[in-house]
Amino acid sequence: MLLQSYKITRILPCLADPEKIRVIAEISDEIHEVFPYLNATLKGCIYNHPANTLTIKKDQKLITLHVLHITLAKIEDENEAEELLKWLKDLVNETYEKRGQIEPNYSMAAELKALDIFKLLPGTNCKKCGEPTCLAFAVKLVGRDIEITKCDPLFSEKYQEKRDVLIELLRAAGFEIPQNPLGT
Ligand code: SF4
């Protein structure tokens, strides 16, 4: 068994939607050895091999596996977090057991798509970023031709949840984001 146990260590409120939470769980064992095997078997993962992170999208939730902790975003409550962590623990251990039959995949499998980014933008086409539409901004962002911070509205409290998920997704895909993009 690769992963013995996990423990929820932080539950952060979501200001934009008080019904949802963001959860961080510490894990008992280093699990990065299994990442290329999960990347080979799960659809839609983003594997950042140099940073040792694997991001999985499951039912609108965003789960990022790190070497010694897991972050869960867009979570309804602690029970849902516990269920997801149990599912993850089983998945990690089952995949690790079967690794001899799986060809590991070290590529950044599902590259970030402009549409993935677009869904997390305000969607108002306000043009404050200098682009005619949010989709045009998303295309430039995925092509690394514009910084996320150019979308001013995204950094308002109203879009905090979308912003957090988008920043997590971009970081997982190897994009460089300022440590504190709000500049506070
Ligand atoms: S500033 Fe943000 S919300 Fe406005 S058009 Fe650009 S991407 Fe869309």
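The values are calculated or read from the model by the stated rules, or taken from the named source; none is laboratory data. Since we're looking at a predicted model, the values are computed, not measured. Positions of Cβ are backbone-derived with ideal geometry, glycine not excepted, and every protein chain shown enters the neighbour counts.
A few remarks follow.
- Residue in the range 163-179 that is part of a helix (DSSP H, G or I) and in contact with an Asp or Glu (Cβ under 8 Å, 6 or more places away or on another chain) present: yes
- Residues of the range 11-51 that are farther than 16 Å from Glu78 by Cα and in a strand (DSSP E or B): Ile27, Ile46, Tyr47, Asn48.
- The residues of the range 139-158 that are surrounded by 13 or more Cβ atoms within 10 Å (Cβ to Cβ) and touching a residue at least 24 places away in the same chain (Cβ under 8 Å), listed by number, are Val139, Leu141, Val142, Ile148, Thr149, Cys151, Pro153, Leu154, Phe155, Lys158.
- Selection count, the range 11-38, where residues are at pLDDT below 90, among the hydrophobic types (A, V, I, L, M, F, W, C) and surrounded by 20 or more Cβ atoms within 10 Å (Cβ to Cβ): 1
- Of Asn39, Asn105, all but one fail to be away from the ligand (no atom under 16 Å from the Cβ), of a type outside the set (Ser, Thr, Tyr) and in contact with a Leu (Cβ under 7 Å, 6 or more places away or on another chain); the exception is Asn39.
- Just one of the listed residues (Thr53, Thr95) is of a type outside the set (Gly, Ala, Ser), under 15 Å from Leu2 (Cβ atoms) and touching a residue at least 40 places away in the same chain (Cβ under 8 Å), namely Thr95.
- Looking only at the range 143-155, and only at residues there that are in contact with a Lys or Arg (Cβ under 9 Å, 6 or more places away or on another chain) and either outside any helix (DSSP H, G or I) or away from the ligand (no atom under 11 Å from the Cβ) (or both), the one that is nearest to Lys20 (Cα to Cα): Cys151
- Of the criteria (1) within 16 Å of the ligand (Cβ to nearest atom); (2) part of a strand (DSSP E or B), which one Pro132 fails: (2)
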